[in-house]
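Q: Have a look at this one before I ask anything.
Please treat every number below as a calculation from the coordinates, not as lab data. Just so we're clear, the structure is a prediction, and the values are computed from it rather than from any experiment. Neighbour counts run over all protein chains shown; Cβ positions are idealised from the backbone, glycine included.
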Amino acid sequence: MSPVWTREWRIGWGFALPGLTLLLIVMGFPLVYSAIMAVSSLTLMHPSLSPLVGGDNFATILASPGFWHALWLTFGYSLVTVTGEFVIGLGVALMLDRVTALKPVYFAILTIPMAMSPVSVGLIWRMLLQPNLGIANHLLERAGLPRLDWLGSSDLAFWTMAGIDIWQQVSFVVLILAAGLAALPREPYEAAEVDGATAVQQFWFLTLPMLRPVAAIAIIIQLINEFRTYDLTYVLTKGGPGTSTEVLSFFAYRRAFLGLSLNEGAAASFMLLAVVLAMTLAFFATLERRAGPSARAAAGGAGG
Amino acid sequence: MGLRSILCAGVGLAAMVALGTPALADPVTLRALMEDVPETQIIEAMLPEFQKETGITVEFEKLAYGDMHDKLVTQLTSASSAYNLLEVDFLWAGEFPAAGWLAELTPFVEKSKFDLSPFIPSMMDLVGRNKTGLYMIPMYNYSMGMIYRTDLLKDAKLAAAWKAAGKGALEPPKSLADYVTLSKFMKANAGVAGAAMQGQRGDPNSMEFSNYLFSSGGAYLDKDGKVALDSPQGKTALDLYVDNVKNGAQQGALSATLDDTLRLMCDGKAFSMITYWWMLPQVDDAKKCPAVAGKVALGVMPGGHGESGGWGWGIPKNTDAATQQAAWTFIQWVQSKKVAVARAMQGHAPVRSDVYSDKDVLAKYPDYATAEQVVASGEAFPVFPYSAQYEDVLGTQLSLAAGGQTDSAAALKAAASGLSDLLKKAK
Amino acid sequence: MSAPAAMRDPDGRGRAGPRRLGSHIGLVLACALILLPPLWVLRTSFVPEPQTYSSDLMPGATLDNYVGLLTRNKFASFYLNSVIVALGSVVLALPFAAMTGYAFARFRTGGRLTRFAVLATQMLPPVALVLPTFAIFRAFGLTDSRLGLTLAYAALNLPFLTWILMGFFEGVPVDLEWAAMTDGTTAWGAFWRIVVPVSLPGLAAAGVLGFILAWNEFLFALVLTGPVTQTIPVALASLQSSNGVQIGKVSAGVVLAVVPLVIASRFIQRFIVQGLTFGGVK
């Protein structure tokens, strides 16, 4: 064991500890308490943690038919929204990187949806999409198209909700990717230019690999967000019509606060955590396998 | 822009945050979590008067309905609560006493000789007493009735078409089946939605369907408390409900909430809506709804029984005796005849029969005579600890049936068994 | 502002000509899609409540929604609460997150397990955390206070900010620090004097994202605040009642809530453009 290693180890922990301590102090207790709740008999009607019931709450959740539907729906929903956000976000970020004029204006506009709380976003879109009086259907009708039942049709409600979500969250991704692109070094492009590489080749072999760490983090953060949020469902549809927009976090919310079963709500939440964690790990594993060691090195130490 | 200036700003900000911590509340300050509706504003305007009389300060914190429950639950599960006076919806009227959050009010009533007899029995049963005791005093009601367009009923062309269809005179419907037939007729002939329906899953569609159930003679529970939803009457009610969603209601009924139906009615784009009776003055307002003001009326739910609804006052157990006494003083004052009449003059929806029969009130609001019938004839959604969850269980089935994703028999069966499960869980 | 933007021109990725025009067209299109709903909200905020749903462009003009929101709903003080809490949480979390992120990126501190553990604290739905958080905050007298909410948001922000910054620090060439350190600078000094300035785009982006997260958060704000300490999302949510949604006021509130972020976007844009000089530093 070399002294350099121990020195680095010491410095590293010196940097990391203050943050980790703050996190532990503020999040540690709630996390542990919540975990205990998940294996306890705590409900609003039985306001005590004891007796501990082990896996019973998890079994109850797994056995309820709504759970599996909500789980698959959440997978689909996260996939659709995160893919949409990333593809559109990357496109916009690349275009932003190419222009200089009007850039502040574009940035200012792209920031707007991010500054709205999800509840407000839901209320606003309910107004825009109101089937009988809303402006969206009015414009459709003017254009000679049929009025749509945006949130009241079980076929359309899911896509409407995903669309609104993408509309709000895409700027998040644009911002991170734009900052990532701005921080990329110039030299590789100059070299590629000399070698006569096309724009597509430059994007594929330079931009994308070098952007990988930042892009991966943008995707992970959005994946976590999309898996957990229920605000839009809550304001837009309450999970309906039928069960067509019933996402898993809304399911957990209902268990805890409507069903008064804090223990089952916590259990459902931890299952959601397990799923998100598994997806995150799988995502990183594929990323690394795909990238291979050389690309990984390029990505990890861009210019270094 | 240096890092230092950012850090300096941070220090200043931290100081501001530290100073911003609110001072401790005065012991005789009552704090209640309220919904931001006219009822709350009417009382709020009268609070200085109460303070002058008693020296007790009352503060209202206002939130959206759905958020109130989440917030109250967190507060009431802890050892002491920030609220020492509670506004309790009837959907929580089973849960709060069962969780042991509410003080029993009988001792307060006896000591102060507070007369409960003027309170309308349907309201006392809903947001007053239950089998184990008296936990709330009714505050205001939101029982449901039918608001409809009188001008469309008087329209000669429509009357002729109705007669031609062999239905006789065009007048307010008497039964649920008549109502749905009329609703479909209006949609087909009058260029409006026959019914502005609030079909969003959960509270909106459960409340709305309850009117259909009660007015077709069905019930959630029988006299012995057994589940009776899956009955021929229940089937009739659900079939008519689904029929009206599909053929009488506005487009988008399955995502509509109260807000949507109110705007639709206000805009003159619907013939009727089944809703809280005190929506009438809001629609019948020349400033807010010029399209329909003077052309709307209130009726009891066709079939004779609508859904009851109401709010009550409660006193949390996790406060001290002096505070509880102050809370009782306030409840006594705000629900006294004198104050209730004063509130009613500004549009309060009374829970005391002597307010409905008050001359001044009736002179100002002639419709209160009908309103009293709506309130008195109302029946209640099952009040038990899981009422709110049951709304979601029932609402899901109603939404599936109305959206054509399941048939009404299966939906009714699932809704009934969901109710038995929750009742069992409550025991 | 324009000087670094002009420097941007000669570099390899910003080729002139038709491709730039295409980018402008694409951006205008994207911005139009983003902007149309907020424009309608802006319009609605100036329309009298009864006419808000009219399909006319401007069925009436009034300031009632703003006036009502600011006077009757005491929106100004809730607004101030949001500003204090959101800024405070970022100011508190950003240095911690930067240091932790740097440790993860440069020293692989704690290995992958620690990294993922940090992120995993954010994978639980807030629903499961809100009751225990309330309980412990109550025990320390931190409910109904801006300080409490600031702390909670700092903790919610920390993992995301750490990860975002970790990504950026991974892109910072390590030879810069080595060069400084052979000159006798400590790791601490190299971090603040070399790494942080070079990572300003990332720090700015992370700061803004942290601000947004706190600015929009609802559930913790609902439970941890009281009548005086409410934040914007809670105040706006309370405008939907059993009496209908006061959409005119909601619109006015949204317009007011958007303003500081649009202003901040100019500020971050500067940092993001400055990031270009980073290539030159090398």
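Q: Say we join alpha carbon atoms closer than 10 Å with springs in a Gaussian network model of chain B; which of B:R343, B:R263, B:R201 then has the biggest fluctuation?
A: B:R263
Q: Tell me which DSSP H helices of chain A clear both cut-offs, 24 Å or more of axial length from alpha-carbon atoms and a mean Kyte-Doolittle hydropathy of at least -0.5.
A: A:3-38, A:65-98, A:157-182, A:208-228, A:262-300
Q: Placing +1 on the Cβ of each Lys and Arg and -1 on the Cβ of each Asp and Glu in the protein assembly as shown, which of B:A98, C:G244, A:L287 has its Cα farthest towards the positive end of the resulting dipole?
A: Among B:A98, C:G244, A:L287, the one farthest towards the positive end of the dipole of the protein assembly as shown is A:L287.
Q: Can you tell which of A:V121, A:V173, A:V200 shows the greatest fluctuation in a Gaussian network model of chain A with Cα springs below 10 Å?
A: Looking only at A:V121, A:V173, A:V200, the biggest GNM fluctuation is shown by A:V200.
Q: Now, a different point. Nearest 0.05, what FRET efficiency do A:L79 and B:K113 give at R0 = 51 Å with Cβ-Cβ as r?
A: After rounding, the FRET efficiency stands at 0.20.
Q: Among A:R254, A:R142, C:R270, rank each residue by its count of other Cβ atoms within 10 Å, from fewest to most, as a rough exposure measure.
A: A:R142, C:R270, A:R254
Q: Using +1 at the C-beta of Lys and Arg and -1 at the C-beta of Asp and Glu, which of C:F46, A:V276, A:L206 has the Cα lying farthest in the positive direction of the dipole of the protein assembly as shown?
A: Selected residue: A:L206.
Q: Could you work out the relative contact order of chain C, using alpha carbon pairs under 8 angstrom and six or more residues apart, expressed as a whole percent?
A: That works out to 29 percent.
Q: Place +1 on the Cβ of every Lys and Arg and -1 on the Cβ of every Asp and Glu in chain C, take the dipole about the Cα centre, and give the residue among C:G26, C:P125, C:P227 whose Cα lies farthest towards its positive end.
A: Sorting the options by dipole projection puts first C:G26.
Q: From a point 7 Å beyond the Cα of B:M345 in the direction of its Cβ, which residues of region B:44-60 have a backbone N at a distance under 15 Å?
A: In region B:44-60, the label zone of B:M345 (backbone N under 15 Å from the point 7 Å along Cα→Cβ) covers B:45-47, B:49.
Q: Please label the shape of chain A as rounded, prolate or oblate, based on the square roots a ≥ b ≥ c of the eigenvalues of the alpha-carbon gyration tensor (a/c under 1.5 means rounded; beyond that, a/b larger than b/c means prolate, else oblate).
A: It is oblate, given that a/c is not under 1.5 and a/b is not larger than b/c.
Q: Given Cβ point charges of +1 (Lys, Arg) and -1 (Asp, Glu) and nothing else, what value in debye, to the nearest 20, does the dipole of region B:100-210 about its Cα centre take?
A: Roughly 420 debye, rounded to the nearest 20.
Q: Still on this structure, please answer the following. Could you put B:Y65, C:Y153 in order, starting from the residue whose Cβ has the fewest other Cβ atoms within 10 Å?
A: Sorted ascending by nearby Cβ count, the order is B:Y65, C:Y153.
Q: Of all DSSP beta bridges located in the protein assembly as shown, what percent are antiparallel, nearest 5?
A: In the protein assembly as shown, approximately 65 percent of DSSP beta bridges are antiparallel ones.
Q: Roughly what angle does helix C:18-45 make with the longest principal axis of chain C, taking Cα atoms, 0 to 90 degrees, to the nearest 10?
A: Long axis of C:18-45 versus the principal axis of chain C: about 30 degrees.
Q: Which lysines does C:K74 reach when only Cα atoms under 23 Å apart count, and residues fewer than 8 places away in its own chain are ignored?
A: Leaving aside lysines fewer than 8 places away in the same chain, those within reach of C:K74 are B:K62, B:K71, C:K249.
Q: Another question, if that's okay. When chain A is treated as a GNM, springs tying every alpha-carbon pair under 10 Å, which of A:V247, A:V276, A:V99 comes out with the largest mean-square fluctuation?
A: Among A:V247, A:V276, A:V99, the largest mean-square fluctuation in the Gaussian network model of chain A belongs to A:V99.
Q: Taking 7 Å along the Cα-to-C-beta vector as the label spot, tell me the A:W9-B:D222 distance in nanometres, rounded to one decimal.
A: According to this spin-label approximation, the distance is 7.5 nm.
Q: Measuring from centroid to centroid over Cα atoms, what is the spacing of region A:141-204 and region C:103-144 in Å?
A: 31
Q: Quickly estimate the mean residue ellipticity at 222 nm for chain A, helices only: each DSSP H run with n ≥ 4 gives -39500 (n - 2.57), and the total goes over all residues, rounded to 500.
A: Result for chain A, helices only: -23500 deg cm²/dmol.
Q: Now, a different point. Compute, for the protein assembly as shown, the length of the dipole vector about the Cα centre, with Cβ point charges of +1 (Lys, Arg) and -1 (Asp, Glu) only. Units Debye, rounded to 20.
A: Its charge dipole is roughly 1580 debye.
Q: Out of all DSSP beta bridges with both ends in chain B, state the antiparallel percent to the nearest 5.
A: Of those bridges, close to 65 percent are antiparallel.
Q: For chain A, what is the charge dipole size about the Cα centre, in debye to the nearest 20, if Lys and Arg each add +1 at the Cβ and Asp and Glu each add -1 at the Cβ?
A: Taking the Cα centre of chain A as origin, the dipole is about 280 debye.
Q: On a C-alpha basis, how far is the centre of region B:104-148 from the centre of region C:243-260 in Å? Whole number, if you could?
A: Answer, in whole Å: 37.
Q: Can you give the helix-only mean residue ellipticity at 222 nm for chain B, where every DSSP H stretch with n ≥ 4 adds -39500 (n - 2.57) and the sum goes over all residues, rounded to the nearest 500 deg cm²/dmol?
A: It comes out at -15000 deg cm²/dmol, rounded to the nearest 500.
Q: Given labels modelled 7 Å from the Cα in the Cβ direction, how far is it in nm from A:V105 to C:T185?
A: About 4.0 nm separates the two model spin labels.
Q: Which order results if B:K62, B:K167, A:K103, B:K424 are arranged by neighbouring Cβ count within 10 Å, fewest first?
A: Fewest to most other Cβ atoms nearby, the residues stand as B:K424, B:K167, A:K103, B:K62.
Q: Quick check: the angle from helix C:75-107's long axis to the longest principal axis of chain C, C-alpha only, nearest 10 degrees?
A: Compared with the principal axis, the helix lies near 20 degrees.
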